[in-house]
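The values are calculated or read from the model by the stated rules, or taken from the named source; none is laboratory data. Just so it is clear, the structure is predicted and the values come from calculations on it, not from any experiment. Cβ sites come from the backbone with ideal geometry, for glycine too, and all protein chains shown count toward neighbours. What goes into the accessible areas is simple: the full protein's heavy atoms, side chains included, and nothing from ligands, DNA or RNA. Shrake-Rupley method; radii C 1.70, N 1.55, O 1.52, S 1.80 Å.
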Amino acid sequence: MADKTLSCKDCGADFIFSEGEQTFYKEKGFQNEPQRCPTCRKAKKSQRGGFGNGRGNSGGYGGNRY
């Protein structure tokens, strides 16, 4: 497996989809290659609020009980 040059669907810039990233995607069972460059991926993730939506990871109501 060799590095691939892909084109970002948002900004149009070319970016490298490395052999290591391809292996990671395959191990995770992802079917599609990334469509955004790392910069646009980061921007898109911050628009969505990223993981956890900034609400913490308490997972329920009331937080910790002591």
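Before moving on, here are some points about what is shown:
- Placed amide H near A13: partners under 5 Å, 5+ positions off or other chain: C8
- Per-residue accessible area (protein heavy atoms, 1.4 Å probe) orders K9, K26, K4 as K26, K9, K4, starting from the largest.
- Ranking R48, R41 from most to least accessible surface, computed with a 1.4 Å probe over the protein chains only, gives R48, R41.
- Formal net charge of residues neighbouring E27 (Cβ-Cβ distance under 15 Å; K, R +1; D, E -1): -1
- Solvent-accessible area of K42 with every protein chain in place, 1.4 Å probe, in Å² to the nearest 10: 150 Å²
- Lysines whose Cα lies under 19 Å from that of K42, excluding same-chain neighbours fewer than 8 positions away: K9
- Residue-wise HN-Hα couplings along the stretch 37-47, as the Karplus relation 6.51 cos²θ - 1.76 cosθ + 1.60 with θ = phi - 60° gives them from phi, are 5, x, 5, 6, 4, 5, 5, 5, 5, 6, 5 Hz; Gly and Pro carry x.
- Under 18 Å of direct C-alpha separation, and excluding same-chain neighbours fewer than eight residues apart, K26 reaches these lysines: K4.
- Local net charge near L6, Cβ-Cβ under 11 Å (Lys/Arg +1, Asp/Glu -1): -1
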